[in-house]
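The next block holds one structure in the form of structure tokens; read it before the comments.
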Amino acid sequence: MRSRAHLLFLLLFSLSIISSVSSWKRDEFRTCNQTPFCKRARSRKPGSSPLVATHVAVSDGDLIAKLTNPNQEDPVNPLVLTLSAYHDGVLRLQIDEDPSLDPPKKRFQVPDVIVPEFLNNKLWLQKLSEEVIGRDLGPSSVVYLSDGYEAVLRHDPFEVYVREKGGGKRVVSFNSHGLFDFEQLRVKKEGEDWEERFRSHTDKRPYGPQSISFDVSFHEADFVYGIPEHATSLALKPTKGPGVEESEPYRLFNLDVFEYIHDSPFGLYGSVPLMISHGKARGTSGFFWFNAAEMQIDVLGSGWDAEDSIGLPSDQNRIDTMWISEAGVVDAFFFVGPGPKDVVRQYTSVTGTPALPQFFATAYHQCRWNYRDEEDVAQVDSKFDVHDIPYDVLWLDIEHTEGKKYFTWDRVLFPNPEEMQKKLDAKGRHMVTIVDPHIKRDESFHLHKEATEKGYYVKDASGKDYDGWCWPGSSSYPDMLNPEIRSWWADKFSYANYVGSTPSLYIWNDMNEPSVFNGPEVTMPRDALHYGGVEHREVHNAYGYYFHMATADGLVKRGNGKDRPFVLSRAVFPGSQRHGAVWTGDNTAEWEHLKVSVPMVLTLGLTGVAFSGADVGGFFGNPEPELLVRWYQLGAYYPFFRGHAHHDTKRREPWLFGERNTELIREAIHIRYMLLPYFYTLFREANTSGVPVMRPLWMEFPADEATFSNDEAFMVGSSLLVQGIFTERAKHASVYLPSGQSWYYLSSGTAYKGGTTHKMEVLEDSVPTFQRAGTIIPRKDRFRRSSTQMANDPYTLVIALNSTQEAEGELYTDDGKSFEFAQGAYIHRRFVFSDGKLTSSNMAPYTSGKSQFSSGCSIERIVLLGYSGRPKSALIEPANHKADIELGPLFLLKGHSPIVLTIRKPNVRIGEDWTIRVM
């Protein structure tokens, strides 16, 4: 039994650790100058790479070469370069040490991320051609990439780039400035000190320096985007070069950062090393470095290479960047575009498209750290009904457990968890509980005992189970790199193992960076050891991904493969989109955090993570009512829509801020529920193509330069434009509406011209929202307690006509829960309005013998915006009956809704072919 003094020491130590991470403190995290591999690479000068490509040949469908240094007195071992071409214009570049030369260890290559379908789409190169380019003294090797593009390996100096076919303009280039450096593994020499120290922590670095760095240039680019996760602008700002204030590079290193600051290149909870360029002259391209070690990326300002004697073609606009990683290999992908959606499709062909969520998960979620007990849960649930506010999911944070041991319940506060969940389920609602990766080191805890006996924990540098501090105190972490351990973890979500869980319970993975309160930079030491002898430095950014994967697999197993999982993760890595949703972490109740949430969510969407959002209201702090209302009004358009708050904040359920504010928040949430059919259709589009739900304006308007750096407004799909309100007591907002069509302001139904900035009066009851002319949006206008209860409700179609009196749109629906959609069990309709006639046609392929899905839902209203004329009726075929056309409200449950032309009760089924002619 521990002494009272020892227990007091542990308590004080725990409080000091928790206090130390309770707010962001710059000196707790390393800068580039405090990170030797970053500092070394950043000091390199253009042209310093001595490597040349030799022994170039085609082998097994790939271009193979060796990178050697012919001028060095003590030459390093040659590196092996492989170029592979894939379907749809994707080029893969791999550079690694030569395994035949017996390096001290195999460098880590990230497993279980690239989807098998991509590898099956390899183009088997048959030959290469040689060409002397420009003033080069020697040849370059050229191989086919796609009908419009080819890849070039320049031999001396070594360079790789993609260009337009037939010697055309460059698109993306690698090592154009000669900054490539590859620190090879070697045996430690006597007297060498490889250890690195930061604050009180020592990294033993048993394999010494092993970093990689290189430059990447995006040609004819106006801006670059991507590389989440950072709280900064959508268009990435230069971090180095003339006129650039002293800046850190953009850091990619998954960290638990409390109360992060906005407008900073500092790395947060996720790392997706994908950068996308866009410019008016050429279009869009992308570059992805598939690597799980810490990465630092500089966006180089114009003139950074003023002393560079290499020189690139001067007739091209370009943006130069520098990429630095602590470990791993070069496994890089070039995406040629040429459009924004093409690049996202190409990237998600490599890492997978986003999972299709269950329908309920796309609705509103209510969370707090923590709802105290079952009575608190019941009261919150009932108050939503009392105030006529729909919601679908109620969340429980760590305090619901017994002593912060996951998969358990505090039986005093939550004595009947199954009954509690069943009461929510009776209203079509669900519950989410938190399950984090730190396992309490308590011999009475069966999970810890089993993991210890099986040897399933990450090891420290000495080979013992790693012991760090997190919420439970002394904790260890399952080694999720090991597939056997992931399978073991997945089994813990069965109803037999997770006692008290039910089919309506889903999961939240927090702290999975992984967060270690007493670790260096609040994370696991880099010299900790994983499956196969892999150091934590090599796999760090992917740890949360594997944890997310194992949890999602567990929910699939629990439902015998019939139930789509819902798992929210804080840590992010390429491929995370296949396993569930992500949120932007511990934000703060400030206007600046509301504003930065837009580029943060947009950036995640650009890099494949379509299902993401920010905590509405801000996790830390107490929002003033106006800020909270504005956040709900904007957050209703996030792909993932959740209100959440820290336990030290005042309660902030939607009905606690006075009657008028309750009404405003209710209207915002109602808007989301009304648009759920549209959102679900967009989630299916993301699932099939990778194109995000929430999009930057330039994704839809790639030739409109005024959209390129706009991150205060965004598109939801291709039809809705939303402008946030980010200042207190705003009276007016400047809203840029992209060119090409007019836009219907949904607060008035009035059409506004595109291609110009409009000064709009800011209304109390909404943020400025516009429907693009030429689009059709499906809605459900009857409001229920939850989305589940809306399943059989009729639809409304909102038709926004363009200048030629035409419009089109889509509707996708399925059972909202199972995987049967993958076997063809869904309805996918295309609506086209032209020549005064609305037509519904089938978009789904014929699926004879496969699963089927049918729906009895009908369309009860069709709204016509911008129709020229005053028709009286509509003829429905093939039923051959008429429906009335009259003036009606654009929104049924809104006090001051504009009156618009409406076809009432056409009563056509959504799953059938039909036409409606306006007469």
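The values are calculated or read from the model by the stated rules, or taken from the named source; none is laboratory data. All figures in this text were calculated on a predicted structure; none of them were measured in a lab. Cβ: placed from backbone, ideal geometry, glycine included. Neighbour counts: every protein chain shown. Protein only, heavy atoms only, side chains kept; ligands, DNA and RNA dropped before computing areas. Shrake-Rupley method; radii C 1.70, N 1.55, O 1.52, S 1.80 Å.
Observations
- Neighbours by Cβ (under 7 Å, 6+ apart or cross-chain): first from segment 108-134, closer than 20 Å to VAL330 by Cα and open to solvent by less than 80 Å² (accessible area, probe 1.4 Å); second among the basic types (Lys, Arg) and outside any strand (DSSP E or B): none
- Sole residue being modelled with pLDDT of 95 or more and out of contact with any strand residue (DSSP E or B) (no Cβ under 9 Å at 6 or more places or on another chain), chosen from GLU117, GLU97, GLU28: GLU117
- Failed item in (1) open to solvent by less than 20 Å² (accessible area, probe 1.4 Å); (2) of a type in the set (A, V, I, L, M); (3) more than 30 Å from PRO503 (Cβ to Cβ), with ALA879 passing the rest: (1)
- Leading residue by the ranking (farthest from ILE64 (Cα to Cα)) among those in segment 167-183 that are open to solvent by less than 40 Å² (accessible area, probe 1.4 Å) and part of a loop (DSSP other than H, G, I, E, B): GLY168
- Selection of helices (runs of 4 or more DSSP H) fully inside segment 452-569 by the criterion of at least 3 residues being open to solvent by less than 10 Å² (accessible area, probe 1.4 Å) and within 16 Å of ARG441 (Cα to Cα) returns nothing.
- The residue that is least open to solvent (accessible area, probe 1.4 Å), among those in segment 402-441 that are out of contact with any strand residue (DSSP E or B) (no Cβ under 8 Å at 6 or more places or on another chain) and charged (D, E, K, R), is LYS427.
- Of all residues in segment 818-852, exactly one satisfies the criterion of being assigned to a helix (DSSP H, G or I) and of a type in the set (Gly, Ala, Ser), namely ALA822.
- Output for segment 861-876, where each listed residue is open to solvent by less than 20 Å² (accessible area, probe 1.4 Å) and at pLDDT below 95: PRO871
- Taking segment 244-350 as the region of interest, the strands (runs of 3 or more DSSP E) fully inside it that hold 1 or more residues being in contact (Cβ under 8 Å) with a residue 12 or more places away in the chain and open to solvent by 10 Å² or more (accessible area, probe 1.4 Å) are 283-289, 295-300, 318-325.
- Unmet criterion (only one of (1) in contact with a helix residue (DSSP H, G or I) (Cβ under 6 Å, 6 or more places away or on another chain); (2) within 30 Å of LEU893 (Cβ to Cβ); (3) part of a loop (DSSP other than H, G, I, E, B)) for PHE360: (3)
- Pair list, Cβ under 8 Å, 6 or more apart: segment 442-454 residue under 19 Å from ASN482 (Cβ atoms) and free of Cβ contacts under 8 Å to residues at least 60 places away in the same chain, other residue loosely packed, with under 12 Cβ neighbours inside 10 Å and of a type in the set (D, E, K, R): LYS449/GLU443
So that you can scan it fast, the table gives a plain yes or no per residue for (1) within 22 Å of GLU592 (Cβ to Cβ); (2) out of contact with any Gly (no Cβ under 7 Å at 6 or more places or on another chain); (3) among the polar types (S, T, N, Q); (4) in a helix (DSSP H, G or I):
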position: LEU627; (1), (2), (3), (4): yes, yes, no, yes
position: TRP631; (1), (2), (3), (4): yes, no, no, yes
position: LEU634; (1), (2), (3), (4): yes, no, no, yes
position: TYR637; (1), (2), (3), (4): yes, yes, no, no
position: ALA645; (1), (2), (3), (4): yes, no, no, no
position: ASP648; (1), (2), (3), (4): yes, yes, no, no
position: PRO654; (1), (2), (3), (4): no, yes, no, no
position: PHE657; (1), (2), (3), (4): yes, yes, no, no
position: GLU663; (1), (2), (3), (4): no, yes, no, yes
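- Unmet requirement for GLU810, which otherwise passes all of (1) charged (D, E, K, R); (2) in contact with a His (Cβ under 8 Å, 6 or more places away or on another chain); (3) part of a loop (DSSP other than H, G, I, E, B): (3)
- Among the residues making up segment 58-85, those that are free of Cβ contacts under 8 Å to residues at least 40 places away in the same chain and among the hydrophobic types (A, V, I, L, M, F, W, C) are ILE64, VAL80.
- Looking only at segment 826-850, and only at residues there that are open to solvent by less than 30 Å² (accessible area, probe 1.4 Å), under 31 Å from the mean Cα position of the chain (by Cα) and not basic (Lys, Arg), the one that is farthest from TYR812 (Cα to Cα): PHE831
- Residue in segment 761-771 that is among the aromatic types (Phe, Trp, Tyr) and either over 26 Å from GLY724 (Cβ atoms) or at pLDDT below 95 (or both) present: no
- Residue among ILE899, ILE916 that is more than 30 Å from GLY561 (Cα to Cα) and buried (at least 20 other Cβ atoms within 10 Å of the Cβ): ILE916
- Among the candidates LYS905, LYS837, LYS850, the residue that is in contact (Cβ under 8 Å) with a residue 40 or more places away in the chain and either in contact with an Asp or Glu (Cβ under 8 Å, 6 or more places away or on another chain) or closer than 24 Å to ASN687 by Cβ (or both) is uniquely LYS905.
- Residues in segment 588-596 include none that are aromatic (Phe, Trp, Tyr), in a loop (DSSP other than H, G, I, E, B) and open to solvent by 10 Å² or more (accessible area, probe 1.4 Å).
- First in segment 195-206 and touching a residue at least 24 places away in the same chain (Cβ under 8 Å), second anywhere and loosely packed, with under 15 Cβ neighbours inside 10 Å and hydrophobic (A, V, I, L, M, F, W, C), Cβ under 8 Å, 6 or more apart: LYS204/TRP194; ARG205/TRP194; PRO206/TRP194
- Contact map, segment 387-409: residues that are at positive phi paired with residues that are of a type in the set (Ser, Thr, Tyr) and surrounded by fewer than 23 Cβ atoms within 10 Å (Cβ to Cβ), Cβ distance under 7 Å, separation 6+ or inter-chain. Pairs shown: PHE407/TYR498.
- Enumeration of residues in segment 727-782 that are closer than 25 Å to GLU626 by Cα, open to solvent by less than 10 Å² (accessible area, probe 1.4 Å) and either basic (Lys, Arg) or assigned to a loop (DSSP other than H, G, I, E, B) (or both): VAL767, PRO768
- Considering segment 283-322, the residues that are of a type outside the set (A, V, I, L, M) and in contact with a His (Cβ under 7 Å, 6 or more places away or on another chain) include one that is modelled with the lowest pLDDT, namely ASP308.
- When segment 807-825 is filtered for residues that are among the acidic types (Asp, Glu) and buried (at least 22 other Cβ atoms within 10 Å of the Cβ), only ASP814 remains.
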